[in-house]
Amino acid sequence: MSPRFIPRPSSGGTPDPDAAPLAVPAVVVATIMLLGMPAAVLVLLPAWARDYGAGLVYPAVLIYAGLAVRLLWWGVAILRTRVAETEE
């Protein structure tokens with residue numbers, strides 16, 4: 001892939017304004033992911049660990065949780081930026 005097609009990160013660490021319409025769906029999806037996780041961990045995780053091996057299941061749960069938290073963090077950052085721009 002040519003470097004000219006790779007989008008450059010915005011300067012100053014500010015979120016990309018073109019991604020603003022995705023902020024609310026990102027927060028909703030991340031919240032659903034995080035709310036459903038305790039039920040899966042308490043009910044399904046022991047069976048999955050027994051069937052597929054703890055070495056695969058527990059790191060997968062950590063990755064899943066990390067992605068959900070990062071998605072929530074990103075969505076909230078976009079929303080906060082949008083709110084700060086409307087207040088100015």
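The values are calculated or read from the model by the stated rules, or taken from the named source; none is laboratory data. Just so it is clear, the model here is predicted, and its values are computed rather than measured. Heads up, the Cβs are rebuilt from the backbone with ideal geometry, glycines too, and the neighbour counts pull from every protein chain shown. Just the protein is used for accessible areas: all its heavy atoms, side chains included, with ligands, DNA and RNA removed. Shrake-Rupley method; radii C 1.70, N 1.55, O 1.52, S 1.80 Å.
So the values come out like this:
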| read-out | value |
| --- | --- |
| Accessible area of the range 12-85 divided out per residue, in Å², using a probe of 1.4 angstrom | 68 Å² |
| FRET efficiency for L56 and V83, using Cβ-Cβ distance with R0 set to 35 Å, rounded to 0.05 | 0.30 |
| Kirkwood Rh, Cα atoms: Rg over Rh of the range 12-88 | 1.16 |
